[in-house]
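Here is the structure we will look at, set down as structure tokens.
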Amino acid sequence: MVCLGNICRSPLAEGILKSKTSPESIFVDSAGTAAYHIGNKPDQRSINVAAKYGLDISRQRARKISVKDFDTFDRIFAMDQNNYDHLLLLARTDFDISKIKLILNEAHPNQNRSVPDPYDGESSGFENVYSMLDEACECILKKL
Ligand code: 4NP
């Protein structure tokens, strides 16, 4: 799960997909395309909305995406078009490129919607992000 800072959207996506699967069946992780928040906990507003739905994401720590992630993961879900474009630039081969997906296309195929960046907005934006990601993760789960 990849966003810009790895403190708002992708930690929620990681927490939600993990909550629907087991660690033995699928390894889920998240990262940011930027380095601003490396080592930081998720944004308190993401921690709060996750807690409201029974998920504890407070032990996650932000990291930056690395080219090695293309070797570790079968799928790399971008939260928005900017993250997607960043991942495309990092990809080394067509096989790497084939792993990159816009996460909302899982629920809304071919529409290329982005999960809005909630960082500078109200806490209601985090509720909105949660529900979009919950729907997308349900679809990922069904495909798996
Ligand atoms: P995220 O949100 O990409 O969903 O983690 C952001 C977090 C931090 C910043 C921007 C977006 N920032 O500019 O620091």
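Any read-out appearing in this document is the output of simple, stated calculations on the displayed coordinates, not a laboratory observation. None of these values were measured; they are calculated from a predicted model. Note that each Cβ is placed from the backbone with ideal geometry, even for glycine, and that neighbours are counted across all protein chains shown.
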>> At a threshold of 8 angstrom on Cα-Cα distance, excluding pairs fewer than six apart, so keeping six or more, what relative contact order does segment 2-143 reach in percent?
In response: 28 percent
>> Suppose only helical runs count, i.e. DSSP H with n ≥ 4. What mean residue ellipticity at 222 nm does that imply for the chain under -39500 (n - 2.57) per run, divided by all residues and rounded to the nearest 500 deg cm²/dmol?
In response: -12000 deg cm²/dmol
> To one decimal place, what orientation-averaged projected area in nm² is obtained for the convex hull of the Cα set of segment 2-143?
Replying inline: 8.0 nm²
> Amide H neighbours of I100 under 5 Å, counting only residues 5+ apart in sequence or on other chains, H built in-plane at 1.01 Å?
Replying inline: I76
>> Using a Förster radius of 30 Å, what is the FRET efficiency between F95 and K64 based on their Cβ-Cβ separation? Nearest 0.05, please.
In response: 0.85
> What shape does segment 71-144 have by the C-alpha gyration tensor, where a ≥ b ≥ c are the square roots of the eigenvalues, rounded means a/c under 1.5, and otherwise prolate means a/b greater than b/c and oblate the rest?
Replying inline: oblate
> Can you give the charge dipole size of segment 49-144 about its Cα centre, rounded to the nearest 20 debye, using +1 on the beta carbon of Lys and Arg and -1 on the beta carbon of Asp and Glu?
Replying inline: 380 debye
> Between the helical axis of 124-143 and the dominant principal axis of the chain, each derived from Cα atoms, what acute angle in degrees is found, rounded to the nearest 10?
Replying inline: 50 degrees
